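To start, the structure under review is shown below, and the notes come after it.
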Amino acid sequence: RQSSILTTYLIRGGLTCCCMNDAILVLQTTLPGNLNEALVGDWCNEMIRLGLAACLKVNKVDSIYRWNGETVSNPEWAIQVKTSLASKSNLVEWLKENHPNEVPEIICWQASAEQEYGLWIGELDPE
């Protein structure tokens, strides 16, 4: 029964009308796991200081990927950045210039945020 109620709600567009109308940008990147926590914190704080990000989540993860034809498994720092849509190009440019990896992971997507949170993120918009 709950499933059919949720399906009806989604079909009628309830999800898009539920106070989730402020668009933000979510960007995902990683840093090498051999960097210490203080250095990773400084790197992330620089994005805040420069007004490129409103909020970051930092977690230690194990990554498995292909590199130069080999399967590699390494610890990494997973970093999720929340910023305004208008800050995307400046943020990506800064990441490319300041990232230690030869080919940095930079994945972005637009997300809907609760109104007050979206307005807070929007305060980053360049003037």
- Item | Search result, residues across the range 59-74 that are more than 14 Å from Glu105 (Cα to Cα) and open to solvent by 100 Å² or more (accessible area, probe 1.4 Å) | Lys60, Asp62, Asn68, Glu70
- Note on the structure: Taking the range 81-104 and keeping residues open to solvent by 50 Å² or more (accessible area, probe 1.4 Å) and touching a residue at least 60 places away in the same chain (Cβ under 8 Å) leaves Leu85, Lys88, Pro100
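Among the residues of the range 31-55 satisfying the criterion of being of a type in the set (Gly, Ala, Ser) and part of a helix (DSSP H, G or I), which is most open to solvent (accessible area, probe 1.4 Å)? If you could, list the steps in order and put the result at the bottom.
If we filter the range 31-55 for residues that are of a type in the set (Gly, Ala, Ser), which is where we start, we get 33, 38, 41, 51, 53-54.
Then keep just the ones that are part of a helix (DSSP H, G or I); that gives 38, 41.
Numbers: Ala38: 68, Gly41: 26 Å².
That would be Ala38.
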- Quick one: would you say Val92 is of a type outside the set (Gly, Ala, Ser), under 13 Å from Thr29 (Cβ atoms) and part of a helix (DSSP H, G or I)? yes
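Go through Ile64, Ile79 for me and flag whichever is among the hydrophobic types (A, V, I, L, M, F, W, C) and either assigned to a loop (DSSP other than H, G, I, E, B) or within 17 Å of the chain's Cα centre (by Cα) (or both). Let's see the steps before the verdict.
Values: Ile64 fails: either assigned to a loop (DSSP other than H, G, I, E, B) or within 17 Å of the chain's Cα centre (by Cα) (or both).
Every option except Ile79 fails the conditions.
The values are calculated or read from the model by the stated rules, or taken from the named source; none is laboratory data. Just so you know, these numbers come straight off a predicted model, no measurement behind them. Using ideal geometry, Cβ is built from the backbone for each residue, glycine included, and neighbour counts are taken over all protein chains shown. Just the protein is used for accessible areas: all its heavy atoms, side chains included, with ligands, DNA and RNA removed. Shrake-Rupley method; radii C 1.70, N 1.55, O 1.52, S 1.80 Å.
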